[in-house]
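Okay, structure first, notes after.
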Amino acid sequence: MSKAEPAKARHIAIIMDGNGRWAKKRHMPRALGHQRGVEAVRRVVKGAREFGLEALTIYAFSTENWRRPEDEVSDLMTLMKRFILSDLEEIAQAGVKLKIIGNYKAFKPDVVEMIDRAIARTAENTGTTLAVALNYGSHDEIARAAAAAAAKGPVTPDTIAAELDTADLPPLDLLIRTSGEERLSNFLLWQVAYAEMIFTPVLWPDFTADHLKEAMDTFAMRERRYGGR
């Protein structure tokens, strides 16, 4: 009997954790940690393209992040706008398709307009889909999906799944969380049901495309059983 081919991840999600601790260890402002975190996003998106990932989902701003100090929320919004302004054209020309999950319409009008333009700019691309979770919480997503399914007819796991924000993406294969924390933090709770998970001590600003490739190689060695033997 021939040996089965190693599993190849199609869709990876990342909880990008550790920006604040990275800055604190270096006696730097927390905002600088977030800036370095954006640089890590650039590296990992490039790696995702090179490694042939169909979809990369990153947890950028949760529904709970509104509880952070107002100046930190403002810094995060500013960084997001800078990233779109400086990186959108390169991402678009590389064939990356931008997708947003969560209710980004709750942001200020100038941010919403910028995000809408970015989505439209990459809408026809067919390379890696970069799904950015903005104002996202999995409890909220599941509740919205269940309500939408109920409005159309019987509620089943399949009808709920069809209404999730990620319904047009491949099933989630692997979830990575950086910084050594080992919890899901209300992220993709439905989608992670049979996904593999990797928790790494690497702080997000230090995460590189090599770390992503290492995680993909680890995933390829795992045997996925989906509840079977």
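The values are calculated or read from the model by the stated rules, or taken from the named source; none is laboratory data. Keep in mind the model is a prediction, meaning the values are calculated, not measured. Cβ atoms come from the backbone with ideal geometry, glycine included; neighbour counts cover every protein chain shown.
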Task: Count of residues meeting criterion [polar (S, T, N, Q) and within 19 Å of the chain's Cα centre (by Cα)] in the range 89-115 - done: 1
- [ ] Could you check how many residues of the range 55-70 are modelled with pLDDT of 95 or more and out of contact with any strand residue (DSSP E or B) (no Cβ under 6 Å at 6 or more places or on another chain)?
- [x] 0
Task: Identity of the residue in the range 116-158, under 16 Å from the mean Cα position of the chain (by Cα) and hydrophobic (A, V, I, L, M, F, W, C), that ends up surrounded by the fewest Cβ atoms within 10 Å (Cβ to Cβ) - done: I119
Open item on the list: Anything in the range 46-69 that is of a type in the set (D, E), within 25 Å of S138 (Cβ to Cβ) and in a helix (DSSP H, G or I)? List them, or say none.
Closed with: E64
TODO: Identify, by number, the condition in (1) closer than 16 Å to V132 by Cβ; (2) over 18 Å from the mean Cα position of the chain (by Cα) that V38 doesn't meet.
DONE: (2)
TODO: Looking for whichever is touching a residue at least 24 places away in the same chain (Cβ under 8 Å) and on the phi > 0 side of the Ramachandran plot here; the options are S179, S138. Which one fits?
DONE: S179
TODO: For the range 175-217, name all the residues that are of a type in the set (A, V, I, L, M, F, W, C), surrounded by fewer than 23 Cβ atoms within 10 Å (Cβ to Cβ) and in a strand (DSSP E or B).
DONE: M197, I198, F199
TODO: Might you let me know whether the range 134-151 holds any residue that is hydroxyl-bearing (S, T, Y) and in a loop (DSSP other than H, G, I, E, B)?
DONE: no
Task: Candidates R82, R43, filtered to the one that is in a helix (DSSP H, G or I), farther than 18 Å from H11 by Cα and more than 13 Å from the chain's Cα centre (by Cα) - done: R82
Task: Single unsatisfied condition, K24 versus (1) surrounded by fewer than 16 Cβ atoms within 10 Å (Cβ to Cβ); (2) part of a strand (DSSP E or B) - done: (2)
Task: Positions within the range 28-85 being of a type in the set (V, I, T), closer than 21 Å to L169 by Cα and in contact with a Lys or Arg (Cβ under 9 Å, 6 or more places away or on another chain), in sequence order - done: T57
TODO: Could you please find all residues in the range 106-130 being touching a residue at least 40 places away in the same chain (Cβ under 8 Å) and hydroxyl-bearing (S, T, Y)?
DONE: T128, T129
Open item on the list: On the basis of being of a type in the set (D, E), farther than 27 Å from I84 by Cα and outside any loop (DSSP other than H, G, I, E, B), does D158 make the cut?
Closed with: yes
TODO: Looking only at the range 159-173, decide whether some residue is of a type outside the set (F, W, Y), over 19 Å from K99 (Cα atoms) and surrounded by 15 or more Cβ atoms within 10 Å (Cβ to Cβ).
DONE: yes
